[in-house]
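One structure below.
Since every read-out is calculated from the coordinates, none of them should be taken as a lab result. Since we're looking at a predicted model, the values are computed, not measured. Don't worry about glycine lacking a Cβ; one is built from the backbone with ideal geometry, like all the others, and counts go over all protein chains shown.
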Amino acid sequence: MKKNFLLQAEGKHNDRVLEAVKHEIRKYFKRERNRALPKGVDFWDFDCKVGLSADTAEVVRVSGVVEAVDAAAKTSAPSVYVEIMSKHGVRVIKAQDQGAEDHFEDPEHN
């Protein structure tokens, strides 16, 4: 999704417009996460950018998209640009430290 959201609409309260924008963003994330996963993929991941325009958009984490839109609204910006691109995510298992394994070798612990 690449979209420029208006934050100020004539005849509507700015807070209600902002809530509608945040609702549409959350709805998009939910719809994308519910899509069927291709074989070999563990989850849907997202590349996100938020800014006042497409040229000035900065990369943000998924959890920070709504907060970035809030920050743009607090600056009284007339609009905000949001770009969310879904991609395949594969879980990577991290190797455990040897010292941590030695700690749990107590026979009473097992």
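Table for the structure above
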| read-out | value |
| --- | --- |
| Among residues of the range 31-61, those that are without any contact (Cβ under 8 Å) to a residue 12 or more places away in the chain and closer than 13 Å to M1 by Cα, counted | 1 |
| Test: residue in the range 7-28 that is within 28 Å of V92 (Cβ to Cβ) and either aliphatic (A, V, I, L, M) or in contact with a Leu (Cβ under 7 Å, 6 or more places away or on another chain) (or both) | yes |
